[in-house]
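Since every read-out is calculated from the coordinates, none of them should be taken as a lab result. Predicted model only: the values in this text are computed from it and were never measured. Virtual Cβ from ideal backbone geometry, glycine too; neighbours counted across all protein chains shown.
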Amino acid sequence: MAYASFRSIGAYVPKKILSNKDLATMVDTSDDWITKRTGIKERHIAAKEEFTSDMGVKAAELALERSGLAKEDIDMLVCATISPDYFCMPSTATVISAKLGLKNVTAFDISAACTGFIYSLSIAKAFIESGMKKNVLIIGAEKLSAITDYSDRGTCILFGDGAGAAVISATDNKAEAIIDVHTGADGEYGDLLMTPNGGSGSAHDALEQESSSCFMQMKGNETFKVAVRTLTKDVVEILEENGIQSDAIKHFIPHQANYRIIKAVGDALKMKEEQVVLTVAKYGNTSGASIPMAINDIYESGRLQKGELMLLDAFGGGLTWGSALIPFSPK
Ligand code: UT7
């Protein structure tokens, strides 16, 4: 049987920084409020001419280079995004495949908001274990600044842009294998976090839509509570089902939405400070890109070594959630 292994990681962060102080000149907020309530100090914003696919390409190039594979070896590309280059089509995954010069790939996008990277991981694992694919490039890429309402202080302080990518490869060595991936959803909570207009369910006729039609809206406080509950429950289940204690986890890498959410979940799971990976202060919430960007951070700082066990945990619009137990398995 083929197993799926997490072979390499890469990320890209756009240059421009939007600080809390900058935001305080745009809406009624302060560095102090944002820092205390979210832990975010700054976020990066893509240039006008920089698309989600451009950031995805840069992250993917790095992951590919680090995998030691050639472009021709990649047989599938999955892009997790809620800020695609184009509404409907072509998918951002196909745009990225063209920009990378990938031929003979299956390429498609995943819409699972902040859980998108974990959903992509579960798809890569399933395709590889079934023998249908051998090397899958999974990408989380977001230009959330394009769908953020910068007059809404309840959301605009949270989000940033960026991309992360990983290569998932077939292996016959079980010790290298992704141990488990959980994914779930409950559409009853769909209205907590949504872009209400712009689709076929929109109240407006496409021709009447205002430019703000695709902006995100969030019931922040309710989302916060469901996030803590769901993230904790999901981790308890995946650890129990696989007979793994939380102290065996070297790196707990939760979706970076809010420091207070991460702290509450980490405390409930009795994670030590050194186990918990935090990037929310410098990147804010980058939705589907946040987990691979965080993995790349510990990789580039030398904290992530071969064989170390990572626990991923995400939660996002839909609502969706997911977790994954993964040994880092570079060649
Ligand atoms: O990635 C997907 C999942 N997303 C999340 O998990 C995000 C979850 N939610 C959150 O992170 C938090 O709910 C927020 C950071 C969005 C908000 O923090 P909160 O502690 O839940 O604040 P709140 O919404 O309960 O608002 C408290 C007060 C309100 O004022 P009053 O009614 O008490 O006078 C808000 O109007 O804070 C006010 N407020 C602000 N004040 C200054 C809301 N946003 C701001 C702001 N600056 N940016």
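Structure summary
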read-out	value
Length-normalised contact order of the chain in % [C-alpha pairs under 8 Å, at least 6 apart]	27
Cα lying deepest toward the dipole's positive end in the chain, options 145, 171, 128, charges on Cβ	171
Packing rank of 79-87, 310-318, 323-331, where each peptide gets the mean count of other beta carbons within 10 Å, highest leading	310-318, 79-87, 323-331
Residues 139, 17, 40 arranged by fewest to most Cβ contacts within 10 Å	17, 40, 139
Order of 202, 67, 97 - criterion: other Cβ atoms within 10 Å of each residue's Cβ, fewest first	202, 67, 97
Dipole moment magnitude, nearest 20 debye, the chain about Cα centre, only Lys, Arg, Asp, Glu C-beta charged	780
For segment 1-110, with +1 on Lys and Arg beta carbons and -1 on Asp and Glu, the positive-most of 46, 98, 110 along the dipole	46
Order of 115, 279, 25, 92 under a 10 Å beta carbon neighbour criterion, fewest first	25, 279, 92, 115
For segment 13-21, 3J(HN,Hα) per residue [Karplus equation, 6.51 cos²θ - 1.76 cosθ + 1.60, θ = phi - 60°, Hz, x = Gly/Pro]	10, x, 5, 5, 9, 10, 8, 4, 5
Nearby lysines by direct alpha-carbon distance to residue 331 (threshold 22 angstrom, same-chain neighbours under 8 apart not counted)	58, 71, 125, 133, 134, 174, 250, 306
Eligible lysines near residue 21 by straight Cα distance, threshold 23 Å, same-chain separation 8 or greater	36, 41, 48, 143, 282
Extreme residue, positive dipole direction of the chain, given options 119, 330, 226 (C-beta unit charges)	330
